[in-house]
Amino acid sequence: MKKILLAASECVPFIKTGGLADVVGALPKYFDKEQFDARVILPKYTCIPEKYRNDMQFAGSFYMYFNGRDRYVGVMRLELSGVTFYFVDNEEYFGGPSPYTDARYDIEKFCFFCKAALAVLPTIGFQPDLIHCNDWHTGLIPVYLKNEFHSDPFYAGMKSIITIHTLRFQGQWNVKEMEQFTGLPNELFTPDKLEFYGDASMFKGGIVYADAVTTVSETYSREVMTPFFGERLDPLLSARSNCFTGIVNGIDTEIFAPAHDPLIWKEYSAEDFRKYKKVNKAALQKQMGLAADPKKMVVGLVSRLTDQKGLDLVARVFEEMLYENLQFVILGTGEKKYEDMFRYFAGRFPDRVAACITYSEELSHRIYAGTDAFLMPSLFEPCGLSQLIALRYGSVPIVRETGGLKDTVQPYDETKNTGTGFSFANYNAHEMMATVRYAENVFTNDKRRFNQIVERGMKMDYSWNASARKYEALYDKVIGG
Ligand code: ADP
Ligand code: GLC
């Protein structure tokens, strides 16, 4: 039995701000339980819903020297859906209404989390063969493992890998304070290790010290080795390319299941969506106050509202697109300029545009179920889960060909009648609009073909089955023997 510990800053159902949480919540459920004992470690944020916090059991506590003094480290344990979760408790660091606060404070608290995640292991009696780190928040785990903990026999043979969910955020801070927070020796803060353009980078440290590096799609793994996508880490990733791979994400098909989804109005499957999906569409139009018109193509957009998601293209041509036979339903929060843009359009065209500037699990499911198409024109997209969910709910994705969007959405080819969505190559607003127009054209004038696209998408297997096997193979390879 191989023992794996996944470490992350967020995880469904406890805490989620984006797709990282979906991945960490789903992946451990899909490992072969005969061969892998995979557990998860997270911070115990006070903003985790009370129903979960109440079920956690105390698993030990101690004091750990960190940033100038001994600090409390508690550890709680909870089992859910056959997976064991551990939570690192320290209210000074993990209090507050959201998992992330300001940059300076986030750096310190995730440095603490990295060290504590290793320090708790003897207390909880779990000695993983491999720690699977995720994003910059866990970047110091491989660094601590190879530099501070390795001399203790408990940790000696432990391996680590790190998965890049996005390179956009790297956990950078000035070297002086990073030395103070981490207690790591000055000789680690050199350009071949943690130093990064004058600062120190947690993500870089993880990428340097992990035994293998992965990212969440093959295309993104190639993209990040180029300057545009590489966020200045492209040379390092190229240098590590012999142990750097892309493994595409899946979705949790227990949660995203149109045939068994209590959050939607009418359940449906790839066999009967032609009859029942329209019930969801009509109900969505009604709930959103849109014109009750089955002939309009309703386009959904469920997203963090940031420039990564291609919203500048949307801003550029949104009004022009509205002259088509379209309605839009937007659900998201994020940068104020995008929130205001969608509020403005919803106010101006209330029968054609609905904007919910909030976070809602329930409404997201209803949008995936009630829309005909789903727009995701991302500037970059390491993998993207929204388009996978949209495919599963029969909302035809319209995407830009980048990262995981390119790997998971097969463009419609009208000569062969193949494909599961519509896509365009360049980051260009009019190219996006032409693609939306093309989709709308097929929707309006060739409904039979459009429904075949829907059906092919719904039948694709984007569960974790295939990708969980790839992680298992990588774990085996890194652990050896
Ligand atoms: P990212 O991780 O970059 O935000 P992904 O496509 O990988 O993008 O994952 C986004 C996840 O977050 C999806 O499950 C999507 O449905 C969900 N999501 C994004 N915004 C919202 C929101 N406002 N309300 C509910 N779910 C949201
Ligand atoms: C990041 C990426 C997204 C990916 C998710 C989970 O948030 O932006 O593309 O799907 O992580 O890996």
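If you stretched the chain out fully between residue 344 and residue 72, how much longer would it get, using 0.36 nm times the residue separation minus the C-alpha to C-alpha distance?
So the chain would gain 93.1 nm between residue 344 and residue 72.
Regarding the chain, what whole-number volume in Å³ per residue does the convex hull of its Cα atoms give?
On the way: hull volume 69.8 nm³, N = 481.
In the chain, the Cα convex hull volume per residue is 145 Å³.
In Å², and per residue, what accessible area does segment 54-149 have when probed at 1.4 Å with the other protein chains present?
Spelled out: the 1.4 Å probe surface of segment 54-149, per residue, equals 36 Å².
For the chain, what does the helix formula give at 222 nm: sum of -39500 (n - 2.57) over DSSP H segments with n ≥ 4, over the residue count, nearest 500 deg cm²/dmol? Each step should come with its number before you reach the end.
Values: 20 runs with 184 residues, N = 481.
The helix-only estimate for the chain comes to -11000 deg cm²/dmol at 222 nm.
What is the set of long-range amide H partners of residue 421 at a cut-off below 5 Å, with H atoms built 1.01 Å from backbone N?
Under 5 Å from the amide H of residue 421: 410, 412.
Once neighbouring chains are kept in place and the probe is 1.4 Å, which whole percent of the accessible area of the chain is contributed by carbon and sulfur?
The computed percentage sits at 50.
Pop out the Kirkwood hydrodynamic radius of segment 125-229 from its pairwise C-alpha distances, inverse of mean 1/r, in Å to one decimal.
14.3 Å
From a point 7 Å beyond the Cα of residue 187 in the direction of its Cβ, which residues of segment 114-155 have a backbone N at a distance under 14 Å?
Of the residues in segment 114-155, 147-148 have backbone N under 14 Å from the label point off residue 187.
Using the Kirkwood formula over every pair of different C-alpha atoms, what hydrodynamic radius in Å results for segment 258-458?
Working: mean 1/r = 0.0609 Å⁻¹.
For segment 258-458, inverting the mean 1/r across all distinct Cα pairs yields 16.4 Å.
With +1 on each Lys and Arg Cβ and -1 on each Asp and Glu Cβ, and nothing else charged, work out how big the dipole of the chain is about its Cα centre, in Debye to the nearest 20.
Roughly 1020 debye, rounded to the nearest 20.
Rounded to the nearest 0.05, what FRET efficiency do residue 61 and residue 101 have when you use their Cβ-Cβ distance and R0 = 35 Å?
After rounding, the FRET efficiency stands at 0.90.
Give me the one-decimal nm value for the distance between modelled label points at residue 466 and residue 152, 7 Å along each residue's Cα-to-Cβ direction.
Modelled inter-label distance: 4.1 nm.
Just the number please: accessible area per residue for segment 1-47, 1.4 Å probe, all protein chains included, in Å².
Result: 28 Å² per residue.
If you roll a 1.4 Å probe over the heavy atoms of the protein chains, what accessible area per residue do you get for segment 432-481, in Å²?
48 Å²
Please give the FRET efficiency for residue 47 paired with residue 286, using the beta carbon to beta carbon distance and R0 = 41 Å, rounded to the nearest 0.05. Can you show the working numbers first?
Working: r = 33 Å, r/R0 = 0.80.
With R0 = 41 Å, the Cβ-Cβ based efficiency is 0.80.
Using a Förster radius of 30 Å, what is the FRET efficiency between residue 168 and residue 279 based on their Cβ-Cβ separation? Nearest 0.05, please.
Once the sixth-power term is evaluated, E becomes 0.15.
The values are calculated or read from the model by the stated rules, or taken from the named source; none is laboratory data. Just so we're clear, the structure is a prediction, and the values are computed from it rather than from any experiment. Here Cβ is always computed from backbone atoms with ideal geometry, including for glycine, and neighbour counts include all displayed protein chains. Only protein heavy atoms, including side chains, enter the accessible area calculation; ligands, DNA and RNA are left aside. Shrake-Rupley method; radii C 1.70, N 1.55, O 1.52, S 1.80 Å.
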